[in-house]
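Below: the structure, in structure tokens.
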Amino acid sequence: MKDKNILIIVTGSIAAYKACEVVRLLRKEGANIQVMMSKSALEFVGRATFAALTDHEVITEMFPNTPKAGLEHIEMAIKLDAIVVVPATANTICKAANGVADDVVSTTLSVCEQPALFAPAMNFRMWQNPATMDAVDKLRKNGSLVLDPEEGQLASLHEGEGRLPDVSVIMNGIRTLFELPLPLVGKKVLVTAGPTREAIDPVRFISNRSSGKMGYALAKATRDLGAEVKLVSGPVSLPPLPEAEMIYVETAKEMADSVQSNCIDVDYLFMVAAVADYSPINPSDKKIKRNSENESIELKPALDILKSIKGKTKGKVIAFALETHDGESEAQRKLSEKGVDYIVLNYANEKGAGFESSTNRVTIFSKSGNQLELKKDRKDRIAQKIIEHVLNN
Ligand code: CTP
């Protein structure tokens, strides 16, 4: 959504604060955001919040005290790529459907012909009111995208359909306004990323150089294609991925537990984490003190997570193999031994590839026998290509 000009219209609902998160996520994706607020929205969130989030003055007045006294709204409306009304009240929806133009929000909606999305939030009785239902039908018939509100507990503590749709549903709705393809809508994706840590004593551990970048890039790329993403992350210094459910783990055992309990109904499992192969047999519960003798740590093999879930997930499994030598034969061996659908091979000892790097060079081996070599590229683009290959082969 980079460089798209999006108008976010906030109308008066208790859910107005959730629009802040939508604005923040859109800005993060590089969109230019202008916020407009109705009078009643100002009762719920201050204009300063949106001004700070967007770095722009917030439009609240039909006839502001400016040289053009409001005509600038019309000019702005023409430059827009899309309009998102979040939250959309029954009042706004009914006015927009019927061409009422009596305040800054309804006037703007009646002037604009750009693709528009309405994310409703209201009491369930208002949503079921025949006038609202007619207005929703009309807006949809005229080409607007009106999301269905979610069912659950409302601010009034009543149960019913009327809650603002989840932020990730709103984000995917906005993506469809721009006709971005969303082949993973309705699909569940589980991704593991980063290293694991196996304790030696309370202050030391065995780990590896994995940065988590490749796993996070795959999680983001599947999320951008509409998937519902869970990201099981070992200790990394990356920020949490917005719109994904983050599950933080430390040890190979914790990662195994998390994968085993979340993998059953997923459509795709990307096992990108660099899981420990060994862990200390008897980690000390006290700090091991320095002495002049040689010290050795006895290790036991860690559980192979992929082998432990063989046949337990209905989804496609995409594993990674990080090698320093004999890459192709090792990748083929892991493909059959681990019972996975794809192995993505990368090298630890290649410049600009593997751990810690922002770029990677990979070859994808699939169970069906085909092989695809991707040239060195940024990890986010490699992630997109891996997904494209998995979806089409
Ligand atoms: N893997 C796993 N459980 C482990 C170790 C690795 O599920 N305990 C997964 C990784 O997430 C990866 C794949 O297995 O998707 C291959 O990992 P890799 O470290 O390359 O292979 P190993 O099985 O550990 O074999 P080796 O270390 O001998 O190369």
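Set Lys and Arg Cβ to +1 and Asp and Glu Cβ to -1, take the dipole of the chain about its Cα centre, and tell me which of TYR342, ALA16, PRO67 lies farthest positive.
TYR342
Take peptides 132-141, 243-252 and line them up by average Cβ neighbours within 10 Å, highest first, as a rough protection proxy.
Top of the packing list down: 243-252, 132-141.
Give the long-range amide H neighbours of ALA321: residues separated by 5 or more places, or on another chain, with amide H under 5 Å away, using H modelled in the peptide plane at 1.01 Å from N.
Hits under the 5 Å cutoff: VAL344, LEU345, ASN346.
Using DSSP to define loop residues, name the trypsin sites (Lys or Arg not before Pro) in region 258-313 whose beta-carbon has at most 12 other beta-carbon atoms within 10 Å.
Those that pass, being in a loop and sparsely packed, are LYS286, LYS287, LYS289, ARG290, LYS312.
What is the dipole size for the chain, taken about its Cα centre, with +1 at each Lys and Arg Cβ and -1 at each Asp and Glu Cβ, in debye to the nearest 20? Intermediate values should be presented prior to the final figure.
Details: 49 positive and 51 negative charges, 142 e Å.
Dipole magnitude for the chain comes out near 680 debye.
Accessible surface of CYS112 in the full protein assembly, 1.4 angstrom probe, to the nearest 10 Å²?
CYS112 exposes around 20 Å² with every protein chain in place.
Grab the beta carbon distance between GLN114 and ASP380, set R0 = 30 Å, and tell me the FRET efficiency rounded to 0.05.
On the way: r = 28 Å, r/R0 = 0.94.
The computed FRET efficiency comes out at 0.60.
What FRET efficiency comes out for the pair GLN260/GLU161, r = Cβ-Cβ distance, R0 = 45 Å, nearest 0.05?
Working from the Cβ atoms, E equals 0.80.
May I ask you to rank LEU145, LEU269 by accessible area, largest first, using a 1.4 Å probe over the protein chains only?
Ranking LEU145, LEU269 by accessible area, largest first, yields LEU145, LEU269.
Counting other Cβ atoms within 10 Å, keep those with at most 11, restrict to DSSP loop, and tell me which trypsin sites (Lys or Arg not before Pro) in region 314-393 are left.
Filter output for region 314-393: LYS314, LYS351, LYS375.
Taking only protein heavy atoms and a 1.4 Å probe, what accessible area per residue, in Å², does region 5-177 have with all protein chains in place? Don't jump to the answer; show the numbers that get you there.
Working: 8150 Å² over 173 residues.
For region 5-177, the solvent-accessible area averages 47 Å² per residue.
Please list the non-local residues whose amide H lies under 5 Å from the amide H of GLY212, H modeled 1.01 Å from N, same-chain partners needing a gap of 5 or more.
GLY194, GLU356
With every protein chain present, what accessible area does THR49 have (1.4 Å probe, heavy atoms only), rounded to the nearest 10 Å²?
60 Å²
Let me see the P(r) profile for the chain: every Cα-Cα distance counted, bins of 20 Å, each bin given as a percent of all pairs.
Here the calculated profile for the chain is 25, 43, 27, 5, 0.
What list of ³J(HN,Hα) values in whole Hz, one per residue of region 173-179 in order, does the Karplus curve 6.51 cos²θ - 1.76 cosθ + 1.60 (θ = phi - 60°) give from phi, with Gly and Pro shown as x?
Here the 3J(HN,Hα) series is x, 5, 4, 5, 4, 8, 6 Hz.
Shape call for region 113-178 from the C-alpha gyration tensor, a ≥ b ≥ c root eigenvalues: rounded (a/c under 1.5), prolate (a/b greater than b/c) or oblate?
On the way: a/c = 3.45, a/b = 1.37, b/c = 2.52.
Oblate.
Once you place label points 7 Å from the Cα toward the Cβ at VAL203 and ARG24, how far apart are they in nm?
According to this spin-label approximation, the distance is 3.6 nm.
Using the alpha-carbon centroid of each, what span in Å lies between region 182-210 and region 217-249?
Region 182-210 and region 217-249 have Cα centres spaced 10 Å from each other.
If one takes the longest principal axis of the Cα atoms in the chain, at what angle in degrees, from 0 to 90 and to the nearest 10, does the Cα axis of helix 327-337 lie?
Tilt relative to the chain: about 80 degrees.
Quick check: with the 1.4 Å probe, what order do ASP267, ASP285, ASP201, ASP326 take by accessible area, largest first?
Heavy-atom accessible area, descending, gives ASP285, ASP326, ASP267, ASP201.
How far, in degrees from 0 to 90, does helix 130-141 lean away from the longest principal axis of the Cα atoms of the chain, to the nearest 10?
Relative to the chain, helix 130-141 is tipped by roughly 70 degrees.
Looking at region 1-34, which trypsin sites (Lys or Arg not before Pro) are DSSP coil and have at most 10 other C-beta atoms within 10 Å of their C-beta?
LYS2
Going Cα to Cα from LYS300, which aspartates and glutamates come in below 15 Å? Please leave out same-chain ones fewer than 8 positions away.
GLU198, ASP277
Give me the lysines in straight-line cross-link reach of LYS39: C-alpha distance below 23 Å, same-chain residues under 8 apart excluded.
Leaving aside lysines fewer than 8 places away in the same chain, those within reach of LYS39 are LYS18, LYS68, LYS95.
What residue among GLN153, SER296, GLY143 has its Cα farthest toward the positive end of the dipole of the chain, where the charges are +1 on Lys, Arg and -1 on Asp, Glu, each on the Cβ?
So the residue furthest toward the plus end is SER296.
The values are calculated or read from the model by the stated rules, or taken from the named source; none is laboratory data. As the structure is a computational prediction, the values presented were derived from the model and not from experiment. Reconstructed Cβ throughout: ideal geometry from the backbone, glycine too, with neighbour counts over all protein chains shown. Quick note on the areas: whole protein, heavy atoms, side chains included, nothing else; ligands and nucleic acids left out. Shrake-Rupley method; radii C 1.70, N 1.55, O 1.52, S 1.80 Å.
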